[in-house]
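The values are calculated or read from the model by the stated rules, or taken from the named source; none is laboratory data. Computed from a predicted structure; not experimentally measured. A quick note on method: Cβ atoms are made from the backbone with ideal geometry, for glycine too, and the neighbour counts reach across all protein chains shown.
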Amino acid sequence: MSENTAEDRDGLLAEAVRLREAGRREEARERLVALSARWPQDAEVAYQTAWVHDTLGLEAEAVPYYESALAGKGLSDDDRRGALLGLGSTYRILGRYEEAVATLSGGVTEFPDDGGLKTFLAMALYNTGRTHDAMELLLTLLAATTNDPEIAGYRPAIEEYAKDLHATM
């Protein structure tokens, strides 16, 4: 049996990612689970393993891989952002709403310009009954990012209402 070299890991990981991207997700999952067993402390391998589980609808199985990826070192900023969004979204899908809010809130703190994290956080906030917070977040995001001239023209009003939906102007 060969040693666990970085070269082995890189090639095997790249091949598994290619399989996932080509739609051969179950085959990719098998390879990534084996890679995770071989390199259990590797955050990037854990992230890719979580991701493939999510694409297969195996959310509960994805969670420990996401948690391992985020606890480890070596994720790029893009992969860390993806892991935070993936874990938070997965917690939400599993009904673990408070954990979803905590994870996604941490992601928004770490990556304040990421609209995807904010959108998933709004959904999780809704699931916890924090509808005002969810609406505030979504309306603020909409006002800041829209290219629709019909909405952009009302940006100041939308931003003001986002703070207090019960307010009158």
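When GLU26, GLU21, GLU30 are screened for being under 20 Å from the mean Cα position of the chain (by Cα) and assigned by TED's automatic domain parsing to the domain that holds SER68, only GLU21 passes. Within the range 96-121, if we keep just the residues that are of a type in the set (Val, Ile, Thr) and without any contact (Cβ under 8 Å) to a residue 24 or more places away in the chain, the residue that is farthest from THR145 (Cα to Cα) turns out to be THR103. So for the range 91-103 (the condition being surrounded by fewer than 15 Cβ atoms within 10 Å (Cβ to Cβ), closer than 21 Å to GLU159 by Cα and not aliphatic (A, V, I, L, M)), does at least one residue qualify? No, the range 91-103 contains no residue that is surrounded by fewer than 15 Cβ atoms within 10 Å (Cβ to Cβ), closer than 21 Å to GLU159 by Cα and not aliphatic (A, V, I, L, M).
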